[in-house]
Amino acid sequence: MTSALTHLVTQENRHTYQRELREMHVQRKRLFVDQLGWPIEHCGELEADAFDTDTALYLLHFDVAGRLLASARLLRTDQPHLLDTVFSHLCLDPVPHGEHIWEATRFCPSPEIQDSRSRRVLLGEIIAGILEAGLLFGMTHVTFVASGALKPLALASGWTVTTLGPAQRYQRDRVTACIASIDALGLRRVRERHNLVAPLLRYSQARVAA
């Protein structure tokens with residue numbers, strides 16, 4: 001069970017989440033650049049890239065006190081995205097793309113949360129949020145690139161996941177391109193696997209307090 005909530009941030013309601021989005025970019029820089037040493041663009045204390053556009057969707061996962069616990073980004077695949085511009089070599093066949101296929105990127109647990117169990121819980125809750133958002137927006141699949149640590153957790157979370165090619169070396173890790181189905185059965189299995197008894201996603205064009 002969880003008392004946390006995942007807020008869906010879109011182009012329409014983004015103006016009401018400026019403080020929270022800034023905190024997301026701060027956490028991304030602390031995790032990906034400072035802790036993991038990724039050679040990615042950043043500016044000062046913020047990490048943002050060319051794919052943080054107006055059409056990106058963000059999942060911001062808060063606790064009951066309004067603290068940002070984790071975040072993730074969803075990108076349209078009928079526009080440039082990471083898998084087709086940076087990681088296309090991970091796919092044995094052409095990179096899946098289309099109006100109903102989105103890409104999940106930048107899963108970022110708060111850098112303050114270090115224990116693996118808590119991070120597994122957050123991943124399950126973010127995956128549930130992705131499925132809920134996907135069903136809301138008419139998605140059929142999401143693609144993602146999984147690190148060596150993330151891959152077994154994502155595969156065991158309850159949704160239907162297929163790898164798009166073998167794991168390959170990237171920096172100090174081995175990464176794998178994956179595609180997951182967005183459907184009600186997958187959402188039910190993820191909820192059962194992670195003891196989630198109610199929807200997590202909150203979405204409104206007007207701000208709902210975290």
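The values are calculated or read from the model by the stated rules, or taken from the named source; none is laboratory data. Since this is a predicted model, take the numbers as computed values, not measurements. Note that we place each Cβ from the backbone using ideal geometry, even for glycine, and neighbour counts take in every protein chain shown.
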>> What's the total number of residues in the range 49-104 that are out of contact with any Gly (no Cβ under 7 Å at 6 or more places or on another chain), of a type in the set (S, T, Y) and farther than 23 Å from R120 by Cβ?
In response: 4
> When you go through (1) in contact with a Leu (Cβ under 8 Å, 6 or more places away or on another chain); (2) within 21 Å of L8 (Cα to Cα); (3) buried (at least 22 other Cβ atoms within 10 Å of the Cβ) one by one for L83, which number turns out not to apply?
Replying inline: (2)
> For R120, all conditions in the list (1) free of Cβ contacts under 8 Å to residues at least 40 places away in the same chain; (2) part of a loop (DSSP other than H, G, I, E, B); (3) not acidic (D, E) hold save one; what is the number of the exception?
Replying inline: (2)
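Suppose we filter Q18, Q35 for residues that are more than 15 Å from the chain's Cα centre (by Cα), surrounded by fewer than 21 Cβ atoms within 10 Å (Cβ to Cβ) and in contact (Cβ under 8 Å) with a residue 40 or more places away in the chain; which single one remains?
Working: Q18 fails: in contact (Cβ under 8 Å) with a residue 40 or more places away in the chain.
Being more than 15 Å from the chain's Cα centre (by Cα), surrounded by fewer than 21 Cβ atoms within 10 Å (Cβ to Cβ) and in contact (Cβ under 8 Å) with a residue 40 or more places away in the chain holds for just one of Q18, Q35, which is Q35.
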> In the range 43-71, what count of residues is obtained for those that are free of Cβ contacts under 8 Å to residues at least 60 places away in the same chain and either more than 27 Å from E12 (Cβ to Cβ) or among the charged types (D, E, K, R) (or both)?
Replying inline: 7
> Identify, please: which residue in the range 92-116 is of a type in the set (S, T, N, Q) and surrounded by 14 or more Cβ atoms within 10 Å (Cβ to Cβ) and is, among those, nearest to R76 (Cα to Cα)?
Replying inline: T105
> Is the range 153-166 home to any residue that is surrounded by 14 or more Cβ atoms within 10 Å (Cβ to Cβ), modelled with pLDDT of 95 or more, assigned to a strand (DSSP E or B) and not aliphatic (A, V, I, L, M)?
Replying inline: yes
> Hey, L150 hits all of (1) touching a Ser or Thr at 6+ places or on another chain (Cβ under 8 Å); (2) surrounded by 15 or more Cβ atoms within 10 Å (Cβ to Cβ); (3) under 20 Å from F32 (Cα atoms) but one; which does it fall short on?
Replying inline: (1)
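For the range 117-139, check the following and say yes or no: at least one residue is over 29 Å from R67 (Cβ atoms) and surrounded by fewer than 20 Cβ atoms within 10 Å (Cβ to Cβ). Steps first, please.
Here is the first cut: in the range 117-139, the ones over 29 Å from R67 (Cβ atoms) are 138.
Restricting the remaining residues to those that are surrounded by fewer than 20 Cβ atoms within 10 Å (Cβ to Cβ) gives 138.
Taking every residue of the range 117-139 in turn, at least one turns out to be over 29 Å from R67 (Cβ atoms) and surrounded by fewer than 20 Cβ atoms within 10 Å (Cβ to Cβ).
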>> Quick test for you: out of L92, L164, L122, pick the one residue that is under 26 Å from D63 (Cα atoms) and of a type in the set (A, V, I, L, M).
In response: L122
>> Against the condition under 17 Å from H194 (Cα atoms), in contact with a helix residue (DSSP H, G or I) (Cβ under 8 Å, 6 or more places away or on another chain) and at pLDDT 95 or above, how does G129 come out, does it pass?
In response: no
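Can you tell me which residue in the range 126-147 is nearest to F87 (Cα to Cα), limited to those that are in a helix (DSSP H, G or I) and in contact with a Ser or Thr (Cβ under 6 Å, 6 or more places away or on another chain)?
The initial filter retains those residues of the range 126-147 that are in a helix (DSSP H, G or I), namely 126-136.
Filter again for in contact with a Ser or Thr (Cβ under 6 Å, 6 or more places away or on another chain), leaving 127, 129.
On the way: I127: 21, G129: 24 Å.
Restricting to residues being in a helix (DSSP H, G or I) and in contact with a Ser or Thr (Cβ under 6 Å, 6 or more places away or on another chain), the top hit is I127.
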